[in-house]
1. Fully extended, how many nm does the chain gain between I149 and H168 (0.36 nm per residue separation, minus their Cα-Cα distance)?
2. Provide the FRET efficiency to the nearest 0.05 for the V94-H58 pair, computing r from the beta carbons and using R0 = 30 Å.
3. By how many nm would the segment from S40 to Y81 grow when fully extended, if each residue of separation counts as 0.36 nm and the alpha-carbon distance is taken off?
4. Mark the label point 7 Å from the Cα of L116 along Cα→Cβ and return the residues of the range 91-108 whose backbone N is within less than 17 Å of it.
5. In straight Cα distance, which lysines are under 18 Å from K169, not counting same-chain residues fewer than 8 positions off?
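Any read-out appearing in this document is the output of simple, stated calculations on the displayed coordinates, not a laboratory observation. Since the model is a prediction, treat every value here as computed from it, not as a measurement. Backbone-built Cβ (ideal geometry, glycine too); neighbour counts: all protein chains shown.
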Amino acid sequence: MRHSALRIMRRGLATAAAHPPHASPSASHVTASTSAIPLSNVEAQWATLSPTEQTAVHQQLEELQRKDWKTLSLAEKKAAYYVAFGPHGPRAPVNPPGTTVKILTGVSALIATAGLLYAGFRAIAPTPPKTISKEWEEASNERAKELKINPISGISSEGYSGKGFVTHK
């Protein structure tokens, strides 16, 4: 009786060593028939594989990678790279294809709408006041000189060379 208990405990330790705690429970039940998935085109098959088949492929690649890398075929190296760094799982693209076109179309539509609103408001806006004309601003300069406005450093000062009230070209 004691001998069988020792054998069960050894088997449990061996199983624990073979399957670390971070491995999923379904990974310990992978059979030999599911590990025979061809590695020639893993990139195309990966999305259609079940999680247990993906685990089997991952374990198969782990076993292959323990060998010398010079003995691995090109398909095995590609499969190992894809499983490790491919666009799946956390590295899957966040935005599906076509999102950029939708964003550019939406932004263009918003800019066009803003332009049309601006043109519409400008069309219905009242005419600018008569005080916003070059002639009025020049007349304001003459009036400021007559009234001697700002005689120290302004328009009425000696040798003044500024534009005064004129803002139009």
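1. Residue separation times 0.36 nm, minus the Cα-Cα distance, leaves 4.7 nm.
2. 0.80
3. Taking 0.36 nm per residue and subtracting the Cα distance, the gain is 13.5 nm.
4. Only 105-108 pass the distance filter.
5. Result set, ordered by chain and number: K130, K134.
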